[in-house]
Amino acid sequence: MTDSPVLPPSSLRLTIDRGALAANWQALNALSVGGRAGAAVKADCYGLGVDACVPVLRDAGCETFFVAHWSEVAAVIAHVPPAQVAVLHGVLNDADCAYAKATGAMPVINSLDQAMLWTANDGGRCHLMVDTGINRLGIAVGDANDPQIAALDVDILMSHLACADEDSPMNARQLAALRAVASAVPHQRLSLANSAGIGLGSDYAFDLTRPGLALYGGAPRAELSGLIRPVTQVEAAILQTRTLSAGDSVGYNAAFTAPSPMRVGTVSMGYADGFLRSRGSGNALHHGGRRLPILGKVSMDMVVVDLTAAPELAAGEWLQVPWNIADAAQQNSLSPYEMLTVIGRRLRGG
Ligand SMILES: *Cc1c(COP(=O)(O)O)cnc(C)c1O
């Protein structure tokens, strides 16, 4: 028998501020006047990790958790009661229905076909999505009186806003459409607002809100920006330093050429970690308050930075990688949703 090898520390660090995550849920719950906040935990809590985030949300008081796929259920029900987990893509076949019943997670029924399938499988209580204008998933408003819908035992009757991060007339139209359906379809709880929808005010809160992005530090509307705290901090270590001569180039396609001698550092952060090429040239990593510009292209697993402002830094020292998704200036060509969901397994440490 040999002991299993001890994994050395990583050269990448994703720190989740659990206190900030709990505070964000509590702030969003307090804004959900008259109701409660749930949590969208799909896509591995938007890249931050179910095991890190779901227990924090549960302990903060959250009792309803949304995932997209059945494959996401097992990780979440390791932490919360299965009946608190709702699967947004619903049921597409008998295997989905069997899995729902075996686990106790509940589907969000999205069409008359899904309703028929769920009933044929003796599904029991479920949730129901009605499409009020995003044209993505959900039964049509005109289907609300269909016998297939009447046959369902609906807990959460929900709809999803298309333009909640804008002051669009679409928001009020979707609100009115959901109210009309709510009077036709018996249900336990009514739900409309995602993170941005919570910022639209208490008319949109109903019994349950479904924040995702704002839990993890995004502020999609100005009404939320003072209340939401950053949750993620990303750091990467310098792997090697070198001194370039004037005329030396850096990285793939030699996209940067040193105009004069300069000290540079090669840093362990790249595409596979979620640091995409669009975040390369023109951007910077930081040490303390000092800005260390990225030179050339992000090259797979690494970036090279200019160490002129921090000449004492050596291999093994940690640099801060901007990942504050509430700060639009950091977003470059990526949306805050993309900045989180591209976080790679290697960076997450899973
Ligand atoms: C992802 C999702 C949410 C959460 O949206 P955010 O904009 O991240 O707050 C809420 N409801 C549904 C149906 C979703 O798919």
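With 10 angstrom as the radius, rank F256, F65 by how many other C-beta atoms surround their C-beta, starting from the fewest.
Listing F256, F65 from fewest to most nearby Cβ atoms yields F256, F65.
Please list 3J(HN,Hα) in residue order for segment 290-299, calculated via the Karplus relation 6.51 cos²θ - 1.76 cosθ + 1.60 where θ = phi - 60°; whole Hz, with x for glycine and proline.
Once θ is set to phi - 60°, the couplings for segment 290-299 become 8, 8, 10, x, 6, 9, x, 8, 5, 10 Hz.
If the elastic network links every pair of Cα atoms under 10 Å, which of A75, A22, A95 fluctuates the most in the Gaussian network model of the chain?
A95
Taking 1 over the mean of 1/r across every pair of different Cα atoms in the chain, what Kirkwood radius in Å do you get? Write down the numbers at each step before the final one.
Details: mean 1/r = 0.0452 Å⁻¹.
After inverting the mean inverse Cα-Cα distance, the result is 22.1 Å.
Would you mind classifying segment 18-224 by shape? Square roots of the alpha carbon gyration tensor eigenvalues, ordered a ≥ b ≥ c; an a/c under 1.5 is rounded, otherwise it is prolate if a/b is larger than b/c and oblate if not.
Judged from the Cα gyration tensor, segment 18-224 comes out oblate (a/c at least 1.5, b/c at or above a/b).
So for segment 174-255, averaging the separation of alpha carbon pairs under 8 Å that are six or more residues apart and normalising by length, what relative contact order in percent results?
Working: 73 pairs, mean separation 15.3, N = 82.
With pairs under 8 Å counted, the relative contact order is 19 percent.
How tilted is helix 169-184 with respect to the longest principal axis of the chain? Cα atoms for both, answer in degrees (0 to 90, nearest 10).
Long axis of 169-184 versus the principal axis of the chain: about 40 degrees.
Return the whole-Å distance between the Cα centroid of segment 245-300 and the Cα centroid of segment 66-120.
Centre-to-centre distance over Cα atoms comes out at 45 Å.
If I fit a long axis through the Cα atoms of helix 94-103 and take the longest principal axis of the Cα atoms of the chain, what angle between them do I get, 0 to 90°, rounded to 10?
80 degrees
Can you tell me the FRET efficiency between A222 and S4 if r is taken as the Cβ-Cβ distance and R0 is 56 Å, rounded to the nearest 0.05?
Calculated value: 0.65.
All of the numbers you see were taken from the coordinates with simple rules; none came from a lab. Predicted model only: the values in this text are computed from it and were never measured. Here the Cβ is made from the backbone with ideal geometry for all residues, glycine too, and neighbour counts use every protein chain on show.
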